[in-house]
Amino acid sequence: MSAFPVSTAAQGRPFIGAAEPLLKKLGSVPKLARVTPASRLEARPATEMVSSGIAALDGLTGGWPRGCLSEICGPASSGRTSVLLAALARSTQNGEVCALVDAGDALDPASAESAGVDLEKLLWVRCGKTVLRSQFPVLSSRGKQMDLCNLDGLEIAAERQGWELRLEQVLRVTDLLLQSNGFGIIVLDLGDIPVRNARQIPLASWFRFRRAIERTPTVLLVVEQHPIAGSCSSVLIKVSGKKLSAVSSQLSGNRPTHTELLDEVEIMAELLRSRLERKPVQSATSFRSHALWAG
Amino acid sequence: MFACIFIPDFPVEAIIRFEPELRARCVVVLTGRPPMGKVVALNEKARQTGVEIGATRAQLEAWEELVLRTRSQAQEDSAHAALLDCAQSFSPEIEDTAPNTVLLNLAGLEPLFGPVSKIARDLAHGMSKIELEANVAIAQNPDAALLAARGFSGVTLIAAGHEAERLGDLPVDVLLESFASDTGEAARWLETFDRWGIRKLRALASLPEVPLSERLGQQGIRLQKLARGATVRTLRVFEPPLVFAECVELEYPIVLLEPLAFLLNRMLEQVCARLGARALAAQELQLQLELEPCAHGRTPDASAVERQCNHVRFTRTLRLPVPMLDVKMFLKLLQLDMQANPPGAPIVKIHVSAEPARPRATQSGLFLPPFPEPEKLELTLARIAGIVGEGRVGSVELLDTHREGAFEVRHFAPVESETRKSAKRTKDENVYNNDSVSRIEQNAQEKMSAAIALRLFRPPLRAVITMHEGKPVHLRCLQRVDIKGEIVWTAGPWRSSGDWSEQEGWSREEWDVAVPAERGFVLYRLVQDKLNAKWFVEGTYD
């Protein structure tokens, strides 16, 4: 015999009638006082997607999710930069302001413009070697006072080349951009960073970035050779160049080279991870990137 | 009705304005080269100790509690400008009578500011806000107001018809200091009145007019009318140029950034207060530092340095994307700029000026894409420039030249689009201006496809190319060991050259090549510099 009476009207919904007294009893138990009924849980809104600028990629992932970290990985000539510029073009044409943190200082402005990127809305941060020179006798409250009589000793020329400096700059600049808010897409171009250096980025940094863009309309896109953000990324796409097409027949040894012209490259995109609510229909797709001079 | 604002002991007040902690102390201002300086001004506390105008520096050593300062024309100019700004915030019709005296026409202001008593109190309060202590007087005519402000401390109100009665107790030298053409003439008049036994203005006002005119002429009659407060004149309206600047000369050179920031903060507060008084904002900030020449003859290595009359001037200009009026943000921007571009020598004088502009009026929309706040963005850009270097952050503009890779990085100042649709429509309208670019852009929009992009190596990588029958067959990069291999596909060459009339002529030959990689292939762009026959790997198609 049930301890909880079931009314005639609720016979079609016996569980609902039985649940109320149970919930009251649960609420009186101190240990269970913090249990929140599922009906009161905050409904998470669906992730807003922004078009990637490539129809095939939109069909694969639905676009790039706002408020999430996404990765594009692939080797050289795999089409990473084409995908990156397509996303920037789409976003800037929609009137959004975008930022590109270029670790390798590899952006070709002409390629960006031909891809449709509105350069006036693109903030380009060129990471690289920097020379620290201090001729001001004291820099800040944390700096010690220097000897005014020996000004030669004041010039601290700390010229550090190498990827460590670039990575440090990338992380610091990204923090500043995420705090600033208002950007449609922020791209970290780590495509030229050697894999062993890129993997030195602590996972805590990726967690911090992901946390910073949650509940914001900003898309954080990372371009790299191998996946490095771990579980912090919501979407991970791997691209690879499959086929090269030229205007004239290819790999023909007898044809003069000046008659050859790079026409398009077929790119394969594979969805390796998607943590979005919307499950993708397919896991791979292909598309073509065309040369500017192609007809 | 007319109001007069008079600042007694003006050279002292100009100095105390930047050092408010001295207000409670005995301050003496000297002029002349040390150690031969003489006292030209002193505050009331110093006067009470027995110090007199004209005392020498040596004579002042008897007073231990005195604070000595050198007279600063720059600070007096700043104080004078602040006085004018305060006056103009009340009345559009002012007269710049003297560096320490301003007359205002209060006609028509009562409906705006209230009764004249309130106006007088507000004027005094406005002066204290800009760190200047002043006497304020209101009377029916400007000369009576001037006499009252010079003679009475604090706030004085003289009702119409009571000028002679209120001014009667003032000593004659107040009249002569205010209206004599020079100190010599004032001394002669004072001597004459002293011989006659005229000590107060009441006595001068009561003299018979005809005998007075016979002895002293028309000038005597004029002085008598002034003593009675019976003159009538209009103001000589002065339109000061809109210069918002503050200047301070330092007693000793500054070598630390922190005290510089402290002084800049105070100066920026004054500049912003003056801008705000006129409902304006700042579009540009200019910081001029006068530097001390280095002891060993070294001069600071800064591009913004000028040398004038043995003074080294260091100038930095901050161009703001939108008119702003935020002291903290201005200070932070200047601090970041100083850290990135230090002057390199001790600072002896600071000059801050702002270019005025109308404040920005914007209205956000519900359906607009996200856009960064201009103030926050400006600060972020300054911080990023401090990390990656100046000139390495901003928007890029392609230059109109055939030279490959010619571009310029400009200051990032995006313009907010009205709507998404209008921004897209504008892009579509301009897309047909350039045939080849418009074609690819149109394709990208219609078919949403990708365009092959080039990733550059900066600087280009030196390479060794093996040629066979005029085309490259093997590639080896000297700086990157992973860039090497047999070339399986080649396209080119494409030759270009230019700037032959300039000294920096260029000539290049481009090749597109494919080299097998671990998975698939890698497309490179090879470039040969025809001037020195060197080969470079310029980038990869990605």
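Numbers below:
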read-out	value
Filtered residues of segment A:94-119 (kept if in contact (Cβ under 8 Å) with a residue 24 or more places away in the chain, within 7 Å of chain B (Cβ to nearest Cβ) and within 16 Å of A:VAL223 (Cα to Cα))	A:ALA106
Inter-residue pairs, beta-carbon under 6 Å, first β-branched (Val, Ile, Thr) and in segment B:253-279, second assigned to a loop (DSSP other than H, G, I, E, B), 6+ apart	B:VAL255/A:PRO137; B:VAL255/B:PRO346
Residue list for segment B:56-79, filter: without any contact (Cβ under 8 Å) to a residue 24 or more places away in the chain and not hydroxyl-bearing (Ser, Thr, Tyr)	B:ALA58, B:GLN59, B:GLU61, B:ALA62, B:GLU64, B:GLN73
Residue within segment B:312-322 that is at pLDDT below 90, part of a loop (DSSP other than H, G, I, E, B) and crowded, with 17+ Cβ neighbours inside 10 Å present	no
Which listed residue is at pLDDT 90 or above and either crowded, with 18+ Cβ neighbours inside 10 Å or in the same structural domain as B:LEU285 (by TED's automatic domain parsing) (or both), from B:GLN335, B:GLN339	B:GLN335
Hey, A:GLN179 under 23 Å from B:GLU416 (Cβ atoms), modelled with pLDDT of 90 or more and surrounded by fewer than 19 Cβ atoms within 10 Å (Cβ to Cβ) or not	yes
B:ASP77 being modelled with pLDDT of 85 or more, surrounded by fewer than 17 Cβ atoms within 10 Å (Cβ to Cβ) and either among the acidic types (Asp, Glu) or not assigned by TED's automatic domain parsing to the domain that holds B:ILE119 (or both)	yes
Unique match (being within 11 Å of chain B (Cβ to nearest Cβ), at pLDDT below 90, in contact with a Lys or Arg (Cβ under 8 Å, 6 or more places away or on another chain) and surrounded by fewer than 24 Cβ atoms within 10 Å (Cβ to Cβ)) among A:GLU266, A:GLU260	A:GLU266
For B:ALA230: the one exception among (1) closer than 30 Å to B:SER206 by Cα; (2) surrounded by 13 or more Cβ atoms within 10 Å (Cβ to Cβ); (3) without any contact (Cβ under 8 Å) to a residue 40 or more places away in the chain	(3)
Subset of segment B:324-353 (residues that are out of contact with any Cys (no Cβ under 7 Å at 6 or more places or on another chain) and in a loop (DSSP other than H, G, I, E, B))	B:ASP326, B:ASN341, B:PRO342, B:PRO343, B:GLY344, B:PRO346
Selection within segment B:499-542 - among the hydrophobic types (A, V, I, L, M, F, W, C) and at positive phi	B:ALA533
Failed item in (1) of a type outside the set (A, V, I, L, M); (2) within 13 Å of chain B (Cβ to nearest Cβ); (3) free of Cβ contacts under 8 Å to residues at least 40 places away in the same chain, with A:ARG215 passing the rest	(3)
Filter result for B:LYS447 (modelled with pLDDT of 50 or more and surrounded by fewer than 16 Cβ atoms within 10 Å (Cβ to Cβ))	yes
Residue satisfying all of: in segment B:267-291; buried (at least 20 other Cβ atoms within 10 Å of the Cβ) and part of a helix (DSSP H, G or I); farthest from the other protein chains (Cβ to nearest Cβ) among these	B:ARG274
Which numbered condition A:ARG210 misses (of (1) among the charged types (D, E, K, R); (2) assigned to a helix (DSSP H, G or I); (3) more than 25 Å from A:ALA269 (Cβ to Cβ))	(3)
Every residue from segment B:517-542 that is within 14 Å of another protein chain (Cβ to nearest Cβ) and in contact (Cβ under 8 Å) with a residue 60 or more places away in the chain	B:ARG525, B:LEU526, B:VAL527, B:GLN528, B:VAL537, B:GLU538, B:GLY539, B:THR540, B:TYR541, B:ASP542
Qualifying residue in segment B:90-111 (condition: farther than 23 Å from B:PHE238 by Cα and either without any contact (Cβ under 8 Å) to a residue 60 or more places away in the chain or in a helix (DSSP H, G or I) (or both))	yes
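Conditions tested, residue by residue: (1) within 25 Å of A:LEU84 (Cβ to Cβ); (2) more than 10 Å from chain A (Cβ to nearest Cβ); (3) surrounded by 13 or more Cβ atoms within 10 Å (Cβ to Cβ).
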site	(1), (2), (3)
B:TRP489	yes, no, yes
B:GLY492	no, no, yes
B:GLU504	no, yes, no
B:VAL515	yes, no, yes
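The values are calculated or read from the model by the stated rules, or taken from the named source; none is laboratory data. Please read these numbers as outputs of a predicted model, since none were measured by experiment. No Cβ is skipped: glycine too gets one built from the backbone with ideal geometry, and neighbour counts run over all protein chains shown.
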